[in-house]
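First comes the structure, then the notes that go with it.
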Amino acid sequence: MADLPDKTAALIDWYLAAVDAAELTDKRYPVKGMNVWTAYGLSARRNLDAVMIREIEATGSRAVEFPALIPRTEFVKESEHIKGFEDEVFWVTRGGGSDLDIPLALRPTSETAIYPIFALWVRSHRDLPLNVYQIVNTFRSDTKTTRPFLRVREIHFFEEHTCQVDESAATERVRSNLAAFRKMAEALCLPYLTIRRPEWDKFPGAFYSLAFDTPVGGAQTIQSGTVHHYRENFSRPYEIRYEAADGSQRFVHQTTFGLSERLLGAVVAIHGDAKGAVLPAAIAPYEVVIVPILAAGAGEAVLAAARGYADRLRRHGRRVHVDERDDRPGAKYYHWETRGVPLRLDVGPREAQTGTATAVDRLGRRSTVSSASLESEVHGILLDFDRTLRERARAAFTERFSVATTLPELTGSKTVRVLAWCGKEECGHAIETAIAGGLLGTPEEELPIPLGDPGPCIACGSTETPKWAIAAQPL
RNA sequence: GGGUCUGUGGGGUAGCUUGGUCCAUCCUUCGGGGUUCGGGACUCCGAGACGCCAGUUCAAAUCUGGCCAGACCCA
């Protein structure tokens, strides 16, 4: 079995090989940026979806689904939005043998599909807030190099769209989304920083955009989600109005919250090691794989014990697989380690006889569990596994930021950089050029490294309105 | 968006300049058999490819064009 490329030396090469080896996706489909979801990968994705659904529904959001095709006439109503997306929209221009009178856009995102209908749904302040989400595929004709999960042209997209009575209610919805994402990231053991994007990089049409960025090594980050405040930018062109209690007609203030399979990519990139993927229990297709060790003569008793353990764990809601393939145990260990399974239980003649199992978690920690307390011990091991993953990722997270005080320092940077920025766009672009990446924006929360007040702008030296900002390269 | 390059079994390669000797080769993968089974087993038998579509030619993996996919560089 070929070893993976070194993760610290060549992160992207490691990532591509690790995703491939874990069989999370098959990238041989002959359309650029569109990959096949394998059974294993789809299972992980559905578990990820379940985490999103659980946390967003806890905040009162309900699932809807809108069509994938949007008439050009609706698509073009908000000018900033169109400018932002027109270069990457796939158009459907023919139906059967004839050209369509009105071309149909294959949604790159769903504002323009949803908002004409929101205008029908929202009549009164009693209809508000309107909080709905959908998990659908969206399409963007990205011209850059595509990468499984991180940059694809068919995106598995979670998008919440909301309508609120006014700006402050919308701001409150943004905060609620940030809190929901905090819980999702907790389940994925994923550290991140919430960053307010600069004006030129916000979502097209948004009032402001907040993004969740996770440093993954070197100066590189993965943007794993965004929350946008739209104010009335869309409700005006789409005429989403309501009658307030005082009888006046008002436009709603809107927000959106977007996530995608990038989260899965971020999880692989953050937790994976030299053996391959490492998946937190919340999204692992199998939380536990049982490997029966079928030494000559003891086969039946061993298999019976292994299957018995699996049944009991399944009754407790665990996702369990018994690897009964005719293969040697060592080969099976590597197989499941590459796929990131959190916990392995070995059951051989010894264990079958003593009523135990040998537990080895994906971090290589070994213990013996006894049949009598199987369910609770496995539960405890998985909790500890996630906790350790979280702590390990958090420790690495704090080391992935460093302060830069001059532009030349940004060149060839080995970490994400924290720097003082005056807020001017031209200075922002100078910073982006220097780091050969992006100015992610200004952090919305405390940074993981100690900081005083920001000094003069790293680009122009102005001391008027410097703020701490983050510069990085996209993976 | 512009440019350069690449595409050979499931994965990695040789062959391409100068068309025929080539349906090759190694490590793996897959199917079957046997010996095995507590950290990537061994062995035997077998399967499997020239990105796609045209063109040139007696003859195309090889030359030409278009398309698709991928990599890198520039904007």
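The values are calculated or read from the model by the stated rules, or taken from the named source; none is laboratory data. All values reported here derive from a predicted model rather than from experimental measurement. Here the Cβ positions follow ideal geometry from the backbone for every residue, glycine too, while neighbour counts run over all protein chains shown. In case anyone asks, the SASA skips ligands and DNA or RNA and just uses the protein heavy atoms, side chains included. Shrake-Rupley method; radii C 1.70, N 1.55, O 1.52, S 1.80 Å.
Which one is nearest to A:Glu232 (Cα to Cα) among residues in region A:109-142 that are in a loop (DSSP other than H, G, I, E, B), in contact with a helix residue (DSSP H, G or I) (Cβ under 9 Å, 6 or more places away or on another chain) and of a type in the set (Ser, Thr, Tyr)? Don't jump to the end; show me each part of the working.
Pass one, region A:109-142, residues in a loop (DSSP other than H, G, I, E, B): A:109-110, A:122-123, A:128-129, A:140-142.
Checking the rest, the ones that are also in contact with a helix residue (DSSP H, G or I) (Cβ under 9 Å, 6 or more places away or on another chain) come to A:109, A:128-129, A:140-142.
With the extra rule that they be of a type in the set (Ser, Thr, Tyr), the set shrinks to A:109, A:141.
Values: A:Thr109: 18, A:Ser141: 28 Å.
My answer is A:Thr109.
Just for helices (runs of 4 or more DSSP H) wholly inside region A:4-108: which have at least 1 residues that are closer than 30 Å to A:Val289 by Cα and touching a residue at least 60 places away in the same chain (Cβ under 8 Å)? Can you show your working first?
Values: elements: A:11-21, A:39-57, A:72-75, A:79-85.
Per the criteria, A:11-21, A:39-57.
Among the residues that make up region A:123-139, is at least one of them within 16 Å of RNA strand B (Cβ to nearest atom) and open to solvent by less than 30 Å² (accessible area, probe 1.4 Å)? Walk me through it before giving the result.
Within region A:123-139, the first condition is being within 16 Å of RNA strand B (Cβ to nearest atom), and the residues that meet it are A:139.
Those still in the list that are open to solvent by less than 30 Å² (accessible area, probe 1.4 Å) too: A:139.
Checked against the condition, which is being within 16 Å of RNA strand B (Cβ to nearest atom) and open to solvent by less than 30 Å² (accessible area, probe 1.4 Å), region A:123-139 yields at least one hit.
State which residue is surrounded by the fewest Cβ atoms within 10 Å (Cβ to Cβ) when the search covers only region A:1-19 and only residues that are out of contact with any Pro (no Cβ under 8 Å at 6 or more places or on another chain) and under 18 Å from A:Trp336 (Cα atoms).
As a first pass, look at region A:1-19 and keep what is out of contact with any Pro (no Cβ under 8 Å at 6 or more places or on another chain): A:1-12, A:15, A:18.
In the following step, the residues that additionally are under 18 Å from A:Trp336 (Cα atoms) were identified as A:1-4, A:15, A:18.
Working: A:Met1: 8, A:Ala2: 6, A:Asp3: 9, A:Leu4: 21, A:Tyr15: 26, A:Ala18: 24.
Here the residue is A:Ala2.
Quick one: in region A:348-363, of everything that is over 13 Å from A:Glu377 (Cβ atoms) and near RNA strand B (Cβ under 7 Å from one of its atoms), which residue is surrounded by the fewest Cβ atoms within 10 Å (Cβ to Cβ)?
Looking at the filtered set, the residue picked out is A:Arg350.
Conditions (1) outside the structural domain of A:Leu130 (by TED's automatic domain parsing); (2) closer than 28 Å to A:Arg175 by Cα; (3) over 29 Å from the mean Cα position of the chain (by Cα); (4) modelled with pLDDT under 95, marked per residue:
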position	(1), (2), (3), (4)
A:Pro67	no, no, no, no
A:Ile82	no, yes, no, yes
A:Glu88	no, no, no, yes
A:Arg94	no, no, yes, yes
A:Gly97	no, no, yes, yes
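Which residue out of A:Leu263, A:Leu294 is on the phi < 0 side of the Ramachandran plot and away from RNA strand B (no atom under 16 Å from the Cβ)? Before you say what the answer is, go through the steps one by one.
Numbers: A:Leu294 fails: away from RNA strand B (no atom under 16 Å from the Cβ).
Just a single option satisfies the conditions, and that option is A:Leu263.
What are the pairs with Cβ atoms under 6 angstrom where one residue, in region A:323-345, is farther than 19 Å from A:Gly41 by Cα and within 9 Å of RNA strand B (Cβ to nearest atom) and the other, located anywhere, is in a loop (DSSP other than H, G, I, E, B) and among the aliphatic types (A, V, I, L, M)? Sequence gap at least six, or different chains.
Listed by first residue and then by second, the contacts come to A:Pro329/A:Ile293.
Test each condition in (1) free of Cβ contacts under 8 Å to residues at least 40 places away in the same chain; (2) open to solvent by less than 10 Å² (accessible area, probe 1.4 Å) for A:Glu232 and report the one that comes out false.
Failing condition for A:Glu232: (2).
Being out of contact with any helix residue (DSSP H, G or I) (no Cβ under 8 Å at 6 or more places or on another chain) and buried (at least 19 other Cβ atoms within 10 Å of the Cβ) is the filter here; which residues of region A:402-427 pass it?
A:Val403, A:Val416, A:Val418, A:Ala420, A:Cys422, A:Cys427 - these are the residues of region A:402-427 that are out of contact with any helix residue (DSSP H, G or I) (no Cβ under 8 Å at 6 or more places or on another chain) and buried (at least 19 other Cβ atoms within 10 Å of the Cβ).
For region A:148-178, enumerate the residues that are open to solvent by less than 50 Å² (accessible area, probe 1.4 Å) and among the aliphatic types (A, V, I, L, M).
Passing the criteria: A:Leu150, A:Val152, A:Ile155, A:Ala169, A:Ala170, A:Val174, A:Leu178.
If you go through region A:364-380 one residue at a time, do you hit one that is under 25 Å from A:Ala277 (Cα atoms), near RNA strand B (Cβ under 7 Å from one of its atoms) and either within 25 Å of the chain's Cα centre (by Cα) or of a type in the set (Lys, Arg) (or both)?
No, region A:364-380 contains no residue that is under 25 Å from A:Ala277 (Cα atoms), near RNA strand B (Cβ under 7 Å from one of its atoms) and either within 25 Å of the chain's Cα centre (by Cα) or of a type in the set (Lys, Arg) (or both).
Restricted to region A:9-38, and to residues that are out of contact with any Lys or Arg (no Cβ under 9 Å at 6 or more places or on another chain) and of a type in the set (Val, Ile, Thr), which residue is farthest from A:Gly218 (Cα to Cα)?
Step by step, filter region A:9-38, then rank; the result is A:Thr38.
So which of A:Arg307, A:Arg236, A:Arg250 ends up being in the same structural domain as A:Gly380 (by TED's automatic domain parsing) and of a type in the set (Lys, Arg)? Lay out the reasoning, then the answer.
On the way: A:Arg236 fails: in the same structural domain as A:Gly380 (by TED's automatic domain parsing); A:Arg250 fails: in the same structural domain as A:Gly380 (by TED's automatic domain parsing).
Exactly one residue qualifies, and that residue is A:Arg307.
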